């Protein structure tokens, strides 16, 4: 019986041949994606745009799902094999329109990059009253993946790549109050919760989907200060988190430290294409490898005080019972039955 990654059973680095300095070009060298179809949410800016460029250059057809289609048209100009479709992850109707169009095309879906996200935003709620980071980063991608499931299964060998973050150390998923209806809102806790949800979703999706040859991975890309994901973060917050020094210069760390955009997307490209992962899913990765299980960090403390110690994945993000409970809760919140 194939072992699953409950409680981090599979979180053991392998000899991948790459490290934190490797770029997407290094990782995808000699890999031909001709005939493969990929969807990248937020594939028009930041890490998503670089992912789109990398996949396109390797021969894949890439459908970019973008909230801002005008910005996307400018950023994607001149790229081969790229299609653009509007998608707002906090809008269930938008997700239904996007997925219905793709399913109607009768094409298989080989790679799904649940890449789009927001980070450390002030308290905002979608039209259903759900906290925006949880809604965008988790619920929207759950809904999207559920509706694209027939195409993923049709591929007869697909991968779903969920972009998480070292920020998941900030908070587990509070199943009793994921939308901050009964507790004080903290943007870092909300972001951390949504990134933990990404990992738990990957765990349960892989457990359910591998019988249909659909594997799932979550990852930490690294600290990339040149994207607009951090547009809601103040300079003082960046200093508090050790992202920049007192003079505003980026601070380098081996694990969470600053990377170029190409280095930042290399891990998700590795998760999507590595033959070493053909029979291994539901793992959390960083620096182009399977990450270690973090058994040293104390989540009861202030995570910003111990930011230098952050590496790997927290055990609470790989708890099978929590993953199943989150799946059921998300079905209820989204109104979408994700039956595999």
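The values are calculated or read from the model by the stated rules, or taken from the named source; none is laboratory data. Given the structure is predicted, the values throughout are model-derived calculations rather than measurements. No Cβ is skipped: glycine too gets one built from the backbone with ideal geometry, and neighbour counts run over all protein chains shown.
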Checklist outcome for this item: Note on the stretch 259-277: residues touching a residue at least 24 places away in the same chain (Cβ under 8 Å) and surrounded by fewer than 17 Cβ atoms within 10 Å (Cβ to Cβ) are 260, 276
Item to check | Some residue of the stretch 165-176 being in a loop (DSSP other than H, G, I, E, B), over 24 Å from residue 222 (Cβ atoms) and without any contact (Cβ under 8 Å) to a residue 40 or more places away in the chain | outcome: yes
Checklist outcome for this item: Note on the stretch 62-96: residues in contact with a strand residue (DSSP E or B) (Cβ under 8 Å, 6 or more places away or on another chain) and part of a helix (DSSP H, G or I) are 69, 72, 73, 76, 94
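Only residues that are in contact with a strand residue (DSSP E or B) (Cβ under 8 Å, 6 or more places away or on another chain) and over 17 Å from residue 291 (Cβ atoms): list them for the stretch 163-183, please.
To start, the set of residues in the stretch 163-183 that are in contact with a strand residue (DSSP E or B) (Cβ under 8 Å, 6 or more places away or on another chain) comprises 163-166, 168, 178-180.
178, 179, 180 - these are the residues of the stretch 163-183 that are in contact with a strand residue (DSSP E or B) (Cβ under 8 Å, 6 or more places away or on another chain) and over 17 Å from residue 291 (Cβ atoms).
For the stretch 282-316, what are the residues that are in contact with a strand residue (DSSP E or B) (Cβ under 7 Å, 6 or more places away or on another chain) and either in a strand (DSSP E or B) or modelled with pLDDT of 95 or more (or both)? Explain how you work it out, then say what you get.
Residues of the stretch 282-316 in contact with a strand residue (DSSP E or B) (Cβ under 7 Å, 6 or more places away or on another chain): 282-286, 291, 293-294, 312-313, 315.
Hits for the stretch 282-316 are 283, 284, 285, 286, 291, 293, 313, 315.
If we scan the stretch 40-61, do we find a residue that is in contact with a strand residue (DSSP E or B) (Cβ under 6 Å, 6 or more places away or on another chain), part of a loop (DSSP other than H, G, I, E, B), in contact (Cβ under 8 Å) with a residue 60 or more places away in the chain and buried (at least 20 other Cβ atoms within 10 Å of the Cβ)? Can you show your working first?
From the stretch 40-61, those in contact with a strand residue (DSSP E or B) (Cβ under 6 Å, 6 or more places away or on another chain) are 40-41, 43-44, 48, 51-52, 55-56, 60-61; that's our starting set.
Filter once more, so that each one left must be part of a loop (DSSP other than H, G, I, E, B): 43-44, 60.
Still in the list and also in contact (Cβ under 8 Å) with a residue 60 or more places away in the chain: 43.
Cutting the leftovers down to buried (at least 20 other Cβ atoms within 10 Å of the Cβ) gives us 43.
So far as the stretch 40-61 goes, yes, one or more of its residues are in contact with a strand residue (DSSP E or B) (Cβ under 6 Å, 6 or more places away or on another chain), part of a loop (DSSP other than H, G, I, E, B), in contact (Cβ under 8 Å) with a residue 60 or more places away in the chain and buried (at least 20 other Cβ atoms within 10 Å of the Cβ).
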